[in-house]
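Encoded as C-alpha cells, the structure appears first; notes follow it.
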Amino acid sequence: MATAQGHIQERRHISDRRSGISRTHAKRMSAVDWLAMTLLIVGGINWGLVGLFNFDLVATLFGEMSALSRIVYIVVSLCALYSIYISSKMSRR
C-alpha cells in the first residue's frame, strides 16, 4: 500500500521538471511577431465582414483599390507569409 508522502514527493519532482522545461523553451514574441499577428487578425476580421455582410472595411477606409488600400492588402499578405515561416520554424523544435 502506497503512502501519501511518496505520492507527494513524486508529484513535486514532476512539476519541477515541467517548470524547467517550460522556462528553457519559452520564447518571447518580438515586435515583428506582434505586428504580424495584429495585422493577420485585422485581415481576418476584414474577410469575415466581406463574407458575412459584403462590406470591405479596408476599401471603405482607404478607397476601393486605391494605392493605400493595395499597400494594406500587400502588408497583410506579407504578414501571413511571415507567420507561415515562423510556424514552420517552431514546428521543427
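The values are calculated or read from the model by the stated rules, or taken from the named source; none is laboratory data. Everything numeric here is computed off the predicted structure, so don't read it as measured data. Positions of Cβ are backbone-derived with ideal geometry, glycine not excepted, and every protein chain shown enters the neighbour counts.
Considering only residues that are of a type outside the set (K, R) and loosely packed, with under 12 Cβ neighbours inside 10 Å, look in the stretch 81-93 and name the one that is farthest from A31 (Cα to Cα). Lay out the reasoning, then the answer.
Residues of the stretch 81-93 that are of a type outside the set (K, R), as a first pass: 81-88, 90-91.
Keeping just the survivors that are loosely packed, with under 12 Cβ neighbours inside 10 Å gives 81, 84-85, 87-88, 90-91.
Details: L81: 16, I84: 17, Y85: 16, S87: 16, S88: 19, M90: 17, S91: 21 Å.
Out of the qualifying residues, it is S91.
Evaluate the stretch 51-60: report whether one residue or more is acidic (D, E) and either assigned to a helix (DSSP H, G or I) or modelled with pLDDT under 90 (or both). Let's see the steps before the verdict.
Going residue by residue through the stretch 51-60, those that are acidic (D, E) are 56.
Okay, now just the ones that are also either assigned to a helix (DSSP H, G or I) or modelled with pLDDT under 90 (or both), so none.
No, the stretch 51-60 has no match at all.
Within the set of pairs 6 or more residues apart or between chains, which connect a residue that is in contact (Cβ under 8 Å) with a residue 60 or more places away in the chain inside the stretch 70-93 to a residue that is loosely packed, with under 11 Cβ neighbours inside 10 Å and assigned to a helix (DSSP H, G or I) with Cβ atoms less than 8 Å apart?
From the stretch 70-93, the pairs are R93/H25.
Considering only the stretch 43-57, state which residues are in contact with a helix residue (DSSP H, G or I) (Cβ under 7 Å, 6 or more places away or on another chain) and either under 24 Å from I86 (Cα atoms) or surrounded by fewer than 14 Cβ atoms within 10 Å (Cβ to Cβ) (or both). Can you show your working first?
Quick first cut of the stretch 43-57, residues in contact with a helix residue (DSSP H, G or I) (Cβ under 7 Å, 6 or more places away or on another chain) only: 43, 46, 49, 55-57.
Hits for the stretch 43-57 are G43, N46, F55.
Pairs under 6 Å by beta carbon, first residue more than 16 Å from Y73 (Cβ to Cβ) and part of a helix (DSSP H, G or I) in the stretch 21-44, partner modelled with pLDDT under 85 and of a type in the set (G, A, S), six or more apart or different chains?
none
Looking only at the stretch 65-80, count how many residues are part of a helix (DSSP H, G or I) and either of a type in the set (G, A, S) or surrounded by 13 or more Cβ atoms within 10 Å (Cβ to Cβ) (or both).
As a first pass, look at the stretch 65-80 and keep what is part of a helix (DSSP H, G or I): 67-80.
Add one more test, that the residue is either of a type in the set (G, A, S) or surrounded by 13 or more Cβ atoms within 10 Å (Cβ to Cβ) (or both), and what stays is 67, 69-70, 72-73, 75-77, 79-80.
Of the residues in the stretch 65-80, 10 are part of a helix (DSSP H, G or I) and either of a type in the set (G, A, S) or surrounded by 13 or more Cβ atoms within 10 Å (Cβ to Cβ) (or both).
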